[in-house]
Amino acid sequence: MPHDATITVDGRVILADTQMSVASAIALTDRLLTRRSVTGEARFAVCGMGVCQECRVTINGVPHRLACQTRCLPDMVILTGREEQR
């Protein structure tokens with residue numbers, strides 16, 4: 001039985017499974033972007049275990065959360081670096 005959670009990623013409402021990571025849910029949006037580098041380049045989860053820290057996002061107003069290490073929960077609001085510009 002799936003463990004459904006409705007979450008919002010950059011204003012887009014999606015249905016995710018509470019057993020999946022936030023990084024996996026972001027991938028469902030077809031935008032492999034979690035943050036922007038200091039030069040403005042798009043970044044996404046690389047290592048999948050929190051070491052590279054490329055997957056940092058804002059979750060429910062808390063910045064610098066590791067998307068690959070955080071499971072989806074109902075009503076999460078996730079903001080990526082989509083709007084950041086350099």
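The values are calculated or read from the model by the stated rules, or taken from the named source; none is laboratory data. Please read these numbers as outputs of a predicted model, since none were measured by experiment. Here Cβ is always computed from backbone atoms with ideal geometry, including for glycine, and neighbour counts include all displayed protein chains. SASA here: full protein model, heavy atoms, side chains in, ligands and nucleic acids out. Shrake-Rupley method; radii C 1.70, N 1.55, O 1.52, S 1.80 Å.
Quick one: which residue in V77, V46, V38, V57 is among the β-branched types (V, I, T), in contact with a helix residue (DSSP H, G or I) (Cβ under 8 Å, 6 or more places away or on another chain) and either surrounded by 12 or more Cβ atoms within 10 Å (Cβ to Cβ) or in contact (Cβ under 8 Å) with a residue 40 or more places away in the chain (or both)? Write out each step before concluding.
Values: V77 fails: in contact with a helix residue (DSSP H, G or I) (Cβ under 8 Å, 6 or more places away or on another chain); V46 fails: in contact with a helix residue (DSSP H, G or I) (Cβ under 8 Å, 6 or more places away or on another chain); V38 fails: in contact with a helix residue (DSSP H, G or I) (Cβ under 8 Å, 6 or more places away or on another chain).
After ruling out the rest, the residue left standing is V57.
Selection of segment 18-35 for residues being of a type outside the set (A, V, I, L, M, F, W, C) and either open to solvent by less than 50 Å² (accessible area, probe 1.4 Å) or on the phi < 0 side of the Ramachandran plot (or both) yields T18, Q19, S21, S24, T29, R31, T34, R35.
Take L15 and tell me if it is closer than 14 Å to R82 by Cβ, surrounded by fewer than 15 Cβ atoms within 10 Å (Cβ to Cβ) and hydrophobic (A, V, I, L, M, F, W, C). Answer is no for this residue. Going through segment 1-28 one residue at a time, which ones are touching a strand residue (DSSP E or B) at 6+ places or on another chain (Cβ under 6 Å) and modelled with pLDDT under 90? Passing the criteria: P2, H3.
The set of residues in segment 58-71 that are in contact with a Ser or Thr (Cβ under 7 Å, 6 or more places away or on another chain) and within 15 Å of R12 (Cα to Cα) contains only I59.
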